[in-house]
Amino acid sequence: MFGGIAASDELRFQLRNRHPVGVSATPSVEEELHWLALATIPGLGTRKASQLIEEYRTAEAVFRASEGELEGWGLPGSIARSIAGGCSFDDAVSQQARAKELGVTVVPISDPRYPQRLREIYDPPVVLFARGRVELLQSPMLGVVGTRRPTQYGIAVAEKLSGDLAMAGLTITSGMARGVDTTAHKAALATGGNTVAVFGCGVDVVYPAENRKLAAELSEKGLLLSELPLGVPALPQNFPVRNRIISGMSAGVLVVEGAEYSGSAITARMALEQQREVFAVPGSILSKMSWGPNLLIKQGAKLVQDWNDITGELPEGVRRELLRRSRERLLPGVDEPGSDDVISPELSRCSRGVLGRLQVDQPTHVDQLVETVEGYSSSEIIAALFDLEMLGLIRQLPGRRFVKVW
């Protein structure tokens, strides 16, 4: 039962947990209606809804259960009656019609488009409302969070890192709040990268109001996302809850600025609970806005000075995906690093120069590259080395030495 498993239910509990919620085809109109009805039952809550799905597998099966059976699973009588009586279907019909009118996609947890990382957290949303490029739900994401009142330093850092990380192939995920969130979204868009905004209200409600233009741009070039039904206003209690989605979908979370007990600190704690990587930008010990990230670093978060500090710490699967995306962007038509095809002209001149100085069987130290590759700064050469390593064209050996691998 919810809140505790009786001994007689032990076998059922084990069987249910051996087979996590399955992924099926994109839901039909009728299936979508059942998912919406489940998501709009008053008082049910995300965790109990997830437990029902773990048991019954589909929303339709939940609504076929009797009131007594649902109460047997620990639901209060009022909620069990609401489910068994189908009281939420009127709201579901309205939501479905409104979603179609606004071009909003309903993505239930069984949908193959639902983010796999989010599906695995303790309390995943049963339904997501997505407005924009739904395919971004399958992209490698990084959460970028921070204070609504950043310093000029915080704004500059959020803009620089978000832009660089977006160019590296990561989808920047944030909450479109004032300050760091807004800066992160805008920086990703400015570089032609991908970004997702997770709302603490319906995706048809823009908050804060001054971000209307940004929301419109995101709905075309990025993605607006929420677990809350359409029309739900931006209530204060919604925002801490939505933070688990930002961290849950992401391979890691970057904290730029924030006070010790800020919303960004809450997101970092959720990321740790979800076993995500946590990164933080150090700041002045005299600034209250640096207390949060500095404390995280003391507690073991990865200190970030540039985007390489993040990408190098991400899970192997994410790094492989970034490599694949970089290869597609810079080396179209080249499937493997060992291919004899000509390198795309889109590869930077600096990267070409660095690659020309490296050999297959003779390691070259980075200092030697800085001296011999003329016309470029050390930071440009280091960035080129990372790009080439991400593409699988070179390999780094101990002692900051590099070799060509094709």
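Annotations
- For the chain, a crude dipole built from +1 on the beta carbon of Lys and Arg and -1 on the beta carbon of Asp and Glu, taken about the Cα centre, is about 660 debye to the nearest 20.
- Taking only alpha carbon atoms, the range 176-272 gives an Rg to Rh ratio of 0.93, where Rh is the Kirkwood radius.
- Share antiparallel - DSSP beta bridges, the chain, percent rounded to 5: 45 percent
- The packing ranking, built from the mean of other Cβ atoms within 10 Å per residue, places the peptides 309-321, 126-138, 281-293, 385-397 in the order 126-138, 385-397, 281-293, 309-321, highest first.
- Candidates THR46, LEU230, ILE155 compared by Cα position along the dipole of the chain: farthest toward the positive end lies ILE155, with charges placed on Cβ.
- Model label points for LYS302 and ALA97, set 7 angstrom from Cα along the Cα-to-Cβ axis, are 4.9 nm apart.
- When the Cα positions of ALA99, TYR207, GLY312 are compared along the charge dipole of the chain, TYR207 comes out farthest toward the positive end, with charges on each C-beta of Lys, Arg, Asp and Glu.
- Length added when fully stretched, ARG178-GLU67, from 0.36 nm per residue minus Cα-Cα: 35.5 nm
- For LYS288, the aspartates and glutamates whose Cα comes closer than 16 Å to its Cα, not counting residues fewer than 8 places off in the same chain, are GLU257, GLU260.
- Length gained on full extension, SER379 to ARG81: 100.8 nm, using 0.36 nm per residue less the C-alpha separation.
- Rg/Rh for the chain, where both radii come from Cα atoms and Rh is the Kirkwood radius: 1.03
- Computed from the C-beta positions of GLN116 and GLU55, the FRET efficiency with R₀ = 22 Å rounds to 0.55.
- With Cα atoms, 0 to 90° folded angle of helix 46-56 axis to the chain main axis: 80 degrees
- Inter-site label distance for ALA190 and LEU235 at 7 Å from Cα along Cβ, in nm: 3.7 nm
- Residue-span extension gain [SER287 to GLU217] - 0.36 nm each, minus C-alpha spacing: 21.9 nm
Only the coordinates and a few stated rules stand behind these numbers; no lab work does. Model, not experiment: these values are computed from the prediction. Heads up, the Cβs are rebuilt from the backbone with ideal geometry, glycines too, and the neighbour counts pull from every protein chain shown.
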